[in-house]
Amino acid sequence: MSSRTYTSTSADANSSALTDLNAEERSRILAKAALFSPPSATLSDGRRDLVGLSRDELTDILTEIGEKPFRTKQLWHWIYHQGVTDFSRMSTIAKPLQQKLAERFIIGRPEAATVQTSSDETRKFLFRFRDGQEAETVYIPDRREDRGAVCISSQVGCTLSCTFCHTGTQKLVRNLGAAEIVSQFMAARDSYGEWPSPKGETPRLLSTIVLMGMGEPLYNYENVAKAMKIIMDGEGIGLSRRRITLSTSGVVPLMDRCGDELGINLAVSLHAVRNDLRDEIVPLNRKYPIEEVLAACRRYPAASNARRITFEYIMLRGINDSEADARELVRLISGIPAKVNLIPFNPWPGSDYKPSTREQQNRFAEIVMSAGFASPIRTPRGRDILAACGQLKTASERARASSVPVSE
Ligand code: SAH
Ligand code: SF4
């Protein structure tokens with residue numbers, strides 16, 4: 001872990017107060033997240049899922065059954081590089097040990113309750129986990145190339161209630177565990193037969209990860225971080241940190257940590273340039289207002305001109321899409337190595353916003369672009385199967401009666 005203290009780099013007199021506040025806030029968020037823990041990794045028959053363990057944990061578990069530490073490397077290779085789920089296919093491991101492992105462990109995958117493929121080839125999976133809870137994962141192929149992005153969920157539901165988001169209408173049921181986060185990606189790969197992990201220059205279909213599915217990943221930081229470390233491990237799946245983007249609605253105290261420990265790309269759901277409007281449409285703004293979110297972006301350790309921060313900006317007709325809004329946006333983000341993703345609002349049943357008109361989107365994009373920021377208008381993908389941004393929602397119900405939302 002890095003020894004950096006999570007403080008503002010601006011030399012203002014309040015910076016140590018900010019550090020204390022952030023440290024306190026961070027512990028509070030992590031403690032609340034623990035209330036929504038995923039179920040145990042052990043099945044009713046006593047076998048344990050090996051997916052989602054760190055290398056050290058895997059070594060410990062193998063030591064407990066009398067196996068030497070070098071087995072970790074072997075198993076890691078079979079699980080995360082070859083993608084096997086059956087111990088009998090681990091040809092470098094002798095039969096008796098294969099059997100011993102199979103008696104005690106499994107290499108789990110969530111059940112794909114439904115798989116839908118859109119007319120534009122986007123594929124949405126509804127994965128069901130061991131306790132019956134469900135979350136959605138979407139594979140979005142790149143139209144011009146033989147690759148694409150896997151959009152992964154971090155929670156079942158979300159504690160935040162952004163007014164334009166379908167997931168936000170579903171209360172937080174629970175956090176997803178590291179195993180459940182990693183295995184969404186692994187199961188998506190199973191679906192495309194993309195094992196073993198392509199190495200080096202070999203093109204891979206599932207080549208990037210965006211943590212933009214259901215939930216707020218920074219409210220489930222520990223599990224998300226553990227999962228990303230597993231996915232980035234060079235002897236397994238081996239995705240580079242440059243190919244992973246975490247999207248947050250602005251959980252300031254954990255943004256620095258994400259940059260320091262994981263070094264992955266950051267996307268920030270800004271959506272408004274004035275606090276009064278952002279308070280309303282992204283309610284987390286009442287806790288971490290625009291200035292604080294942008295300050296955290298300015299000090300984000302993994303940002304540079306080569307690796308810009310993405311500001312996501314949903315285009316809501318007549319609400320946040322004026323030319324004055326575009327000019328203010330440019331003023332706010334000036335100096336940040338950034339690009340702006342303009343996302344036309346994707347409707348969902350019961351929503352009453354409208355997407356901005358095409359002309360308005362273009363006018364807005366033009367202003368942002370002439371200020372020197374790339375400002376692509378995101379083409380909605382998979383709308384016909386409700387797989388586009390903000391359309392994800394499952395029928396999972398909140399099981400516990402008296403849980404405290406993480407955001408309170
Ligand atoms: N909770 C995180 C990540 C998941 S949401 C976050 O909010 O950033 C992923 C992205 O989809 C966010 O930018 C979110 O604002 C956007 N989004 C939500 N609802 C949407 C909708 N109906 N149409 C288009 N984009 C939406
Ligand atoms: Fe949660 Fe993100 Fe949806 Fe807001 S936009 S409700 S933070 S998933």
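Numerical summary
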{"item": "The chain, helix-only ellipticity at 222 nm - DSSP H runs n ≥ 4, -39,500 (n - 2.57), divided by all residues, nearest 500", "result": "-9500 deg cm²/dmol"}
{"item": "Cross-link partners of residue 199 among aspartates and glutamates (Cα-Cα below 13 Å; sequence separation of 8 or more within a chain)", "result": "233, 235"}
{"item": "Projected area, mean over directions - region 45-134, Cα convex hull, nm²", "result": "7.3 nm²"}
{"item": "For the chain, built as a Gaussian network whose Cα springs stay under 10 Å, the top-fluctuating residue of 174, 109, 48", "result": "48"}
{"item": "Entries in 287/354; 229/287; 124/393; 32/171 that, when Cα-Cα distance is taken, lie over 19 Å", "result": "287/354; 229/287"}
{"item": "FRET efficiency, residue 115 to residue 21 (Cβ-Cβ, R0 51 Å, nearest 0.05)", "result": "0.70"}
{"item": "Heavy-atom accessible area per residue - the chain, 1.4 Å, Å²", "result": "43 Å²"}
{"item": "Neighbourhood net charge (14 Å Cβ-Cβ; Lys/Arg +1, Asp/Glu -1) for residue 65", "result": "+1"}
{"item": "Rg/Rh for region 83-201, where both radii come from Cα atoms and Rh is the Kirkwood radius", "result": "1.04"}
{"item": "Among 192, 313, 219, residue whose mean-square fluctuation peaks in a GNM of the chain (springs only between Cα atoms under 10 Å)", "result": "192"}
{"item": "Among beta bridges that DSSP assigns inside the chain, antiparallel share in %, nearest 5", "result": "45 percent"}
{"item": "Solvent-accessible surface ranking, highest first, for 279, 256, 131 at 1.4 angstrom", "result": "131, 279, 256"}
{"item": "Whole-Å distance, taken between Cα centres, linking region 120-161 and region 174-246", "result": "11 Å"}
{"item": "Rg(Cα) / (2.2 N^0.38 Å) computed for region 93-138, rounded to two decimals", "result": "1.71"}
{"item": "Cβ-isolated cysteines (cut-off 4.7 Å), the chain", "result": "151, 158, 258, 297, 389"}
{"item": "Carbon and sulfur %, accessible surface of region 21-163 computed with the full protein complex present, 1.4 Å", "result": "50 percent"}
{"item": "For the chain, fraction of C-alpha pairs farther apart than 30 Å, in %", "result": "41 percent"}
{"item": "Angle in degrees between helix 95-104 and the longest Cα principal axis of the chain, rounded to the nearest 10", "result": "60 degrees"}
{"item": "Mean Cβ count within 10 Å, highest first, over the residues of peptides 94-103, 237-246, 286-295", "result": "237-246, 286-295, 94-103"}
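The values are calculated or read from the model by the stated rules, or taken from the named source; none is laboratory data. Fair warning: this is a prediction, and the values are worked out from it, not measured in the lab. Because the Cβ atoms are built from the backbone with ideal geometry, glycine has one as well, and the counts that use them run over all protein chains shown. The protein model used for the area step is the full one, side chains on, heavy atoms only, and it has no ligands, DNA or RNA in it. Shrake-Rupley method; radii C 1.70, N 1.55, O 1.52, S 1.80 Å.
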